[in-house]
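Comments concern the structure below.
What follows is calculated from the coordinates using simple rules that are stated; it is not laboratory data. Note that the structure is a prediction, hence the values are computed from the model and not measured. Please note: Cβ atoms are built from the backbone with ideal geometry, for glycine as well, and neighbour counts cover all protein chains shown.
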Amino acid sequence: MIGLSHNALWVLVSMLMLGTAAGLVGCFAYWKRQSLMSDALAHAALPGVVIGYAILGFKSLPVMLLGAAASALAGALAVSWIRSSSRVKEDTAMGIILSVFFGLGIMLLAIVNRMPGGGQSGLNSFIFGQAAAMVRQDMRLMAAVAAVVLLVVLASFKEWKLYLFDPAFARGLGLSGRLMEAAWLALLVVVIVIGIQAVGVILMAALLIIPAVSARYWTNGFGRMLALAALFGGGAGVAGTCVSTLGDGWPTGPFIVIAAAGIFLLSLVFGARKGLLVRAMQRRAQVRSLQARTIRREGEALP
Amino acid sequence: MSYDGWILLTASLVGLTCGLVGTLLILRRMAMMADAISHTVLLGIVIAYLVTRELTGLHMLVGAAAAGLLTAVLVQWLHARGVRQEASIGIVFTTLFAIGVVLIATRVGNAHLDVQHALMGEITFIPWETTRVPGLGEIPEAVLVLLAVLAVVGGLIFAFYKEWKITSFDPALAAALGIPVAFLHYLFMGMVSVTAVAAFDAVGAIMVIAMLITPAAAAYLWTDRLSVMLLLSGLFGVLSAFAGYAAAWLLDTSISGSMAFATGVLFLISFLGSPRHGLAARRLRARAAARPSAGG
């Protein structure tokens, strides 16, 4: 490839992997009706990132990601705790966890940024994502974890399908609901955590939500929806990253989201299943056939 | 008034206004809509700035209210076309917010607006951006804007108290009684947007969510009466503003972050200790119910 440095190639490959994994897991979130849960968990990851940095005193991605995973999990548990043991509803609980954890993250971030060397830690890039700030090791880690997520989803495709669409039947077959619930949460947290450095905690949810909804416009098959969402997610990841490298210091996350939104708009209008264009055409054909039928009947009524 | 006094007054006004609006928000099950609007307000502010090249209160309020209404309309539009409510919220606000951030990062760049400011607010600058009010002397602009918004929002809640109550608890009955449910919905979305933008300068986009949702959710655990909940929610908002400021001063850290965290602490206290709906009270009642009564 001309003009593409080795590093840039790594960025693209890891963003492709990330987008693909996020698209797949996003489909599960769509069918579990937990699209906004991914938003709450992504925000909730911020304090963990900062604590991970503060404990070591220097930047080590694996430790920061472990911290992120721990605090996202704590957020998820807190949401389900609030929901199950008080009369506060789930959406309110998600709003509380999202904003309070994020507030804590910002508090800690301000403290760490004051520490010697903290200002250069690049922690701020976790808010909007900065693919350019990643070193090759980080990208390898990201790509490898995304590959594991892909493998897990593909290997247990049948179980997921059963669990999402007919949980009662799945239980009847001996598939533990609690195990699948835990596996689902683990997948979600892992995808969010590997995505936050490139996309940022605020917009990470978009990469989980938008490709899945876009894919829904093209097919009714679950397998095909997964494949399409993976394709859309990967495409948005690569396209957004490419555009963000055009300017100096441009954040990656927002461009990826705008690319995904573009795919969504195309799907909304041209989608083969329930796109606006197809619907309009169907309606027109119906009106035509109805008119033709009435005219014929009127003709028969004549002597 | 002293520097700290102005900051505390600003933050208390934010807490009070958000507390009032937040009560209706969570009763109408629209907490995530607040999340969406507080993000998209950013786009409204950026566009208002690009059009007028000014950062004064009124332009920003208009731009933000428009962006908030646009969010509500788009979410409704997508939902009517078969996208699930939570998915359409997720699509609309991330996209509009991303456009706002990109506009700041690429075009508005070196202007007064910056991403950090948009997220965390700049409450520390507020006492310096003053304007002269006859009879009262120099008063920070943000305080005036917040007072105006509080008056409008409080006035609307008070004036349509019965309508808000019915549409929040029983929308079907409200529609049957001929109350304009859809109009009230969009009016309320407008109120949320205006509140979000007035608070935006002080606490930033994300902390607005904390101020809107958390004190109201805490108040929801203490009472079953709407009027009491409104009062408590406003009170909790002011309390978290004070506690957050004290914590930020002690730890020398972000004021808005600390205020958001303080709302969380207040919620946790309510969640565990509220005599009516708290966890401890529930456990005690469950135990008392399990014990065979003395009378047989």
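What the table shows:
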{"quantity": "Residue among B:46, B:73, B:96 farthest towards the positive dipole end of region B:1-96, charges placed on Cβ", "calculated": "B:73"}
{"quantity": "Order of B:223, A:92, A:241, B:195 under a 10 Å beta carbon neighbour criterion, fewest first", "calculated": "B:223, A:241, A:92, B:195"}
{"quantity": "Rounded to the nearest 20 debye, dipole of region B:3-205 from Cβ charges on Lys, Arg, Asp, Glu", "calculated": "640 debye"}
{"quantity": "Extended-chain gain in nm, criterion 0.36 nm per residue less alpha-carbon gap, residue B:160 and residue B:77", "calculated": "27.2 nm"}
{"quantity": "Spatial separation of Cα centroids for region A:146-210 and region A:61-124, in angstrom", "calculated": "21 Å"}
{"quantity": "Paired Rg and Dmax values of region A:6-208, which use every Cα atom, in angstrom", "calculated": "17.3, 58"}
{"quantity": "Dimensionless Rg/Rh of region A:209-303 - Kirkwood Rh, Rg from C-alpha atoms", "calculated": "1.34"}
{"quantity": "Flagged links, alpha-carbon separation over 31 Å, of A:158/A:274; A:32/A:274; A:89/B:162; A:274/B:165; A:59/A:89", "calculated": "A:274/B:165; A:59/A:89"}
{"quantity": "In nm, spacing of pseudo-spin labels at residue A:124 and residue B:183 (7 Å Cα→C-beta vector)", "calculated": "4.8 nm"}
{"quantity": "Which of B:208, B:218, B:139, positive extreme of dipole for chain B (C-beta unit charges)", "calculated": "B:218"}
{"quantity": "Scattering profile of region B:3-205 at q = 0.12, 0.13 Å⁻¹ [log10 I(q)/I(0), Debye over alpha-carbon scatterers]", "calculated": "-0.63, -0.73"}
{"quantity": "Spin-label model distance (nm) - residue A:175 vs residue A:32, 7 Å beyond Cα toward Cβ", "calculated": "1.3 nm"}
{"quantity": "Listed peptides A:47-53, A:134-140 by packing density, highest first (mean Cβ within 10 Å)", "calculated": "A:47-53, A:134-140"}
{"quantity": "Residue order, fewest to most beta carbons within 10 Å, for B:183, B:93", "calculated": "B:183, B:93"}
{"quantity": "Helical segments meeting 18 Å axial Cα length and Kyte-Doolittle 0.0 threshold in chain B (DSSP H)", "calculated": "B:3-27, B:31-52, B:57-80, B:85-103, B:141-159, B:181-220, B:226-251, B:255-273"}
{"quantity": "Shielding by partners - mean other protein chain Cβ count within 10 Å, residues of A:29-36", "calculated": "4"}
{"quantity": "Total charge dipole magnitude, chain A, about the Cα centre, Cβ charges on Lys, Arg, Asp, Glu only, Debye to nearest 20", "calculated": "1040 debye"}
{"quantity": "20 °C / 1.002 mPa s Stokes-Einstein diffusion coefficient of region A:97-146, Kirkwood radius on C-alpha pairs, µm²/s", "calculated": "171 µm²/s"}
{"quantity": "MRE, 222 nm, helices only [DSSP H, n ≥ 4, -39500 (n - 2.57), over the protein assembly as shown, to nearest 500]", "calculated": "-26500 deg cm²/dmol"}
{"quantity": "Per-residue ³J(HN,Hα) for region A:21-32, Karplus 6.51 cos²θ - 1.76 cosθ + 1.60, θ = phi - 60°, Hz, x for Gly and Pro", "calculated": "4, 5, x, 5, 5, x, 4, 4, 4, 4, 6, 7"}
{"quantity": "Mean-position separation - Cα centroids, region B:197-270 and region B:63-95, in angstrom", "calculated": "26 Å"}
{"quantity": "Shielding by partners, peptide B:207-215 (average Cβ within 10 angstrom, other chains)", "calculated": "5"}
{"quantity": "Cα Rg, Dmax, region B:236-296, angstrom units", "calculated": "17.9, 60"}
{"quantity": "Tail fraction, Cα-Cα pairs, region A:23-106, threshold 21 Å, whole percent", "calculated": "34 percent"}
{"quantity": "Relative contact order %, chain A, counting alpha carbon pairs below 8 Å whose residues are six or more apart", "calculated": "28 percent"}
{"quantity": "Sorted by Cβ density within 10 Å, fewest first, the residues B:2, B:254", "calculated": "B:2, B:254"}
{"quantity": "Approximate spin-label separation residue B:276-residue B:51, in nm, with each point projected 7 Å along Cα-to-Cβ", "calculated": "4.3 nm"}
{"quantity": "Table column - 3J(HN,Hα) (Hz), region A:40-47, Karplus curve with 6.51, -1.76, 1.60, x for Gly and Pro", "calculated": "4, 5, 5, 5, 5, 6, 4, x"}
{"quantity": "Dimensionless Rg over Rh [the protein assembly as shown; C-alpha; Kirkwood]", "calculated": "1.00"}
{"quantity": "Positive-end residue, chain A charge dipole about Cα centroid, Cβ charges, pick of A:290, A:157, A:35", "calculated": "A:290"}
{"quantity": "Residues whose placed amide H lies under 5 Å from that of residue B:130, excluding near-sequence neighbours", "calculated": "B:141"}
{"quantity": "Shielding of A:105-114 by partner chains, average beta-carbon count, 10 Å", "calculated": "6"}
{"quantity": "Cβ-derived FRET efficiency at R0 51 Å, residue B:2 paired with residue A:282, nearest 0.05", "calculated": "0.15"}
{"quantity": "Charged-residue dipole, Cβ positions (Lys, Arg, Asp, Glu), region A:151-303 about Cα centre, Debye nearest 20", "calculated": "820 debye"}
